[in-house]
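The structure appears below as structure tokens.
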């Protein structure tokens, strides 16, 4: 895992690990897959808000907890670049302040959602 | 329990993760409840008594590891599968030590979750079934003692326990780990498990990990493709492929090199492997039976056997007792071998003399059944007659003494105090004759009769003993 959240090389290629996400899409009926991605979208919205609020308030525990949950949610759907950025936020030894990490997380979350939505659409059309 | 529905408690604080797991499990027909905190997990486990718990380690209030320890301390037997993103070896070892049934790193494919959960629930069902059977059969044990089972010969309580374990676990697909000294019948036990199982019609493939050169072991187990290495002129299926649908018996697994243990672990975990030189994984359905004559846990502690592999394979242990602890089984086994070898060698031997039987029962048999087998075959080949006499047996058996000595293993060389004081033979003779004279009131003919010697021998001895005294005086 890179320790530099701004290193977007991987994200430029893909915001999701195609193996994990495709595996999910294949493992589940389209309706189930859609529900998982919708749950992920809800998680993202809620956790990103918690993360930003904690960062602004200087609430380090809250910041780490939100980042941990984000990393877990992202890993579950194969959003590896997002997971990596969240893990940077979780890491107490990370040199990157929230002001740097949070925008990266936001961008990667958006990219992951876009790709996953496309995957859902493809699964629906199967 | 295999394939049947159960109650599964999902402890996961991230909704996406929980939704993925729920979706995986839904079509298996399990009843699922989800909680997000460690406190709720403990409350649900106590109130609902689930068959299995999928437990995230990092929870908002306190650690999943604490949940696991608390439940185990309270005697909960639910299968607990720990799921975590921090899949380090240390974590795996820690949770297994705390009583986890299995360990699953995130993210996991559906097949892996299903496989792990079914294994864990099956293991739990076996524990429950084993206890129920033990209770049920306790009263009937004496009546149901069998003289043999699936090629084993022996009616001792220790062997009855082995037979029962084999029967109990045969229908499951849980891995079996057989331990026992050399010659106790580990391969026979593995075959018995296979023959008593629903896989009996499929292959039983045995591989002795200690007898195969390290370089060839991977190819022997997983096969190879043509050109994989010098001399691989044809593709060849390994033991794993050959055992598909059946049982793969890995004997002397403690001899397996560590680097090979890693590959075996992957195979055991996923059911798939890659032949040497191959580019695609192959999936097979095999039941693992392993055996070793070493103490597997000591091997783990010594760093010679991977702990994660140990926990994967050591699901149902079967410990084969040494022959010296099996009482009269030695005689049953000897008689069976005598009948078999007499038939094979076209000899007339039908029985052992009482002295020969006493010698067989009195010997500790450090080489166990294999040694007994060799002794009987040796006797049958080298002698003739209808009855095996003690004199036909190898000298060490006759020196072993009465039954009591057999209880101690041959390896423990504690000196046994002699029944009589050891002294020069001439002195022993003198004391014995004088004792006989003392007992008969110095009646030489009567003393001679007791000693079964001629009275003139006593007179001669007395004369001789007096002589030196006079000379000395």
Practice item. Among the residues of segment B:145-172, write down those that are free of Cβ contacts under 8 Å to residues at least 40 places away in the same chain, surrounded by fewer than 17 Cβ atoms within 10 Å (Cβ to Cβ) and touching a helix residue (DSSP H, G or I) at 6+ places or on another chain (Cβ under 7 Å). Key: B:145, B:146
Study note, to complete from the structure: Checked segment B:1-25 for anything away from chain A (no Cβ under 14 Å) and either surrounded by fewer than 17 Cβ atoms within 10 Å (Cβ to Cβ) or touching a strand residue (DSSP E or B) at 6+ places or on another chain (Cβ under 9 Å) (or both); matches are B:2, B:3, B:4, B:5, B:6, B:7, B:8, B:9
Review point. Among the residues of segment A:32-62, which ones are under 14 Å from the mean Cα position of the chain (by Cα), within 11 Å of chain B (Cβ to nearest Cβ) and in contact (Cβ under 8 Å) with a residue 40 or more places away in the chain?
Key: A:36, A:37, A:40, A:41, A:44
Review point. Name the residues in segment B:209-262 that are surrounded by fewer than 19 Cβ atoms within 10 Å (Cβ to Cβ), part of a loop (DSSP other than H, G, I, E, B) and in contact with a strand residue (DSSP E or B) (Cβ under 6 Å, 6 or more places away or on another chain), would you?
Key: B:228, B:232
Revision key, fill the gap. Note: among B:79, B:120, B:47, B:125, just one is without any contact (Cβ under 8 Å) to a residue 24 or more places away in the chain and away from every other protein chain (no Cβ under 14 Å), namely B:47
Revision key, fill the gap. If you go through B:54, B:104, B:71, B:28, the only one that is farther than 26 Å from residue B:301 by Cα, within 35 Å of the chain's Cα centre (by Cα), buried (at least 20 other Cβ atoms within 10 Å of the Cβ) and within 14 Å of chain A (Cβ to nearest Cβ) is B:54
Practice item. Determine whether residue A:65 is over 21 Å from residue B:108 (Cβ atoms), facing chain B (nearest Cβ under 9 Å) and assigned to a helix (DSSP H, G or I). Key: yes
Exercise for review: Can you confirm whether segment B:422-440 contains a residue that is under 25 Å from residue B:356 (Cα atoms) and at pLDDT below 80?
Suggested key: no
Check your understanding: So residue B:91 clears everything in (1) more than 14 Å from chain A (Cβ to nearest Cβ); (2) under 20 Å from residue A:83 (Cβ atoms); (3) more than 31 Å from the chain's Cα centre (by Cα) except one condition, right? Which one?
Key -> (3)
Check your understanding: Can you tell me how many residues in segment B:167-195 are at pLDDT 90 or above and either more than 21 Å from residue B:255 (Cα to Cα) or outside any loop (DSSP other than H, G, I, E, B) (or both)?
Key -> 14
Practice item. Please work out which one of (1) part of a helix (DSSP H, G or I); (2) touching a helix residue (DSSP H, G or I) at 6+ places or on another chain (Cβ under 7 Å); (3) touching a residue at least 24 places away in the same chain (Cβ under 8 Å); (4) within 9 Å of another protein chain (Cβ to nearest Cβ) is the condition residue A:20 fails and give its number. Key: (2)
Review point. Quick one: how many residues across segment A:68-86 are within 15 Å of residue A:107 (Cα to Cα), in contact with a helix residue (DSSP H, G or I) (Cβ under 6 Å, 6 or more places away or on another chain), part of a helix (DSSP H, G or I) and within 11 Å of chain B (Cβ to nearest Cβ)?
Key: 5
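The values are calculated or read from the model by the stated rules, or taken from the named source; none is laboratory data. Quick caveat: nothing in here was measured; it's all calculated off a predicted structure. Using ideal geometry, Cβ is built from the backbone for each residue, glycine included, and neighbour counts are taken over all protein chains shown.
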